[in-house]
Amino acid sequence: GAVVSQHPSRVICKSGTSVKIECRSLDFQATTMFWYRQFPKQSLMLMATSNEGSKATYEQGVEKDKFLINHASLTLSTLTVTSAHPEDSSFYICSASPGASSYEQYFGPGTRLTVT
Amino acid sequence: EDKVVQSPLSLVVHEGDTVTLNCSYEVTNFRSLLWYKQEKKAPTFLFMLTSSGIEKKSGRLSSILDKKELSSILNITATQTGDSAIYLCAVGGSGTYKYIFGTGTRLKVLA
C-alpha cells in the first residue's frame, strides 16, 4: 500500500514553454500533497503544500505564478512550471499524506526536468 | 526558525560495520519525525517516530527518538553495500502535515 506515482519521470523542454507534472496517490486518498525540489547532492526543498479543493500554500521565495499547483481530486495534484527557464531544471518530487490521523508521508518517484 | 540538522554529512564504512546516524531538530510543537532512505530516485519511507524512548525496528535498521535531547538516531547493523544511500530525516510540527527535511547523511558501504 501507500503508492504514489508521478508522470512523466523525465521531461526535456525548451525555454519559454510550460510543463505539467502529475502526482497521483494510487491506493489511498490524499487530502494533502507536497511538492519538493531537489538539486544535486542537496536535500529536499519544500515548494508548496497542496490541499484538495483549496489553494496551495507556497513556501517563502517560491513564485506561485511560476509554479502553478492544482489539487483537483483526492488522488491527483499537478504542478505546472510556466515559462520554464534553464534554472528551473531540477528534480521535482511530490509526496502525499493520507491525512486525518496519519502523518506519514509517501513520495512519488520524482520527475527530472531539463530546460534547454 | 524551525530547522533539522543531520550528522555526519557523509560516512564511509566497510561491510559488516555498524553505523549510527544523527538527527537534531528545533521545531515548534514537535509532532513526529520521519526517516527516509534515498537512492537514485525519490525517498523511501523507513520509520515514523512520535514518542520518546520507543525503538522502531525493521531488520537491521532501528531508530529511536529522544524528545528531551530533541534528536533521533538511526542505527544500521551489519551494513551491506545495498545500504549505500542518502538517509534523510524530516520533522513535523503540530497543526500541519508539512515536514522540514535535514540535509541528509550520505552513507557509502564498501565491499
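Nothing in this text is a laboratory measurement; each read-out follows from the coordinates by a stated rule. In this text, all values refer to a predicted model and were calculated from it rather than measured experimentally. Here the Cβ positions follow ideal geometry from the backbone for every residue, glycine too, while neighbour counts run over all protein chains shown.
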In region A:5-41, the trypsin sites (Lys or Arg not before Pro) that sit in a DSSP loop and have at most 13 other Cβ atoms within 10 Å of their own Cβ are A:LYS14, A:LYS41
Provide the FRET efficiency to the nearest 0.05 for the B:SER51-A:HIS7 pair, computing r from the beta carbons and using R0 = 35 Å. 0.40
Sort out for me the Cα centre separation of region A:50-116 from region A:1-16, rounded to whole Å. 11 Å
How do B:GLU69, A:GLU22, A:GLU87 rank when sorted from fewest to most other Cβ atoms within 10 Å of their own Cβ? A:GLU87, B:GLU69, A:GLU22
Based on Cβ point charges of +1 for Lys and Arg and -1 for Asp and Glu, what charge dipole magnitude is obtained for chain B about its Cα centre, in debye rounded to the nearest 20? 280 debye
For the pair A:SER73/B:ASN29, report the inter-label distance in nm, with labels modelled 7 Å from Cα in the Cβ direction. 3.3 nm
Residue range of chain B that is longest and free of trypsin sites (Lys or Arg not before Pro) which are both DSSP loop and sparsely packed (at most 16 other C-beta within 10 Å): B:69-111
Restricting attention to chain A, give the cysteines that have no other cysteine Cβ less than 4.7 angstrom from their Cβ. A:CYS13
For region A:1-100, give the magnitude of the charge dipole about the Cα centre (Cβ charges: +1 Lys/Arg, -1 Asp/Glu; no others), in debye to the nearest 20. 180 debye
Of the chymotrypsin sites (Phe, Trp or Tyr not before Pro) in region B:1-84, those whose Cβ has at most 10 other Cβ within 10 Å and which sit in DSSP loop: none
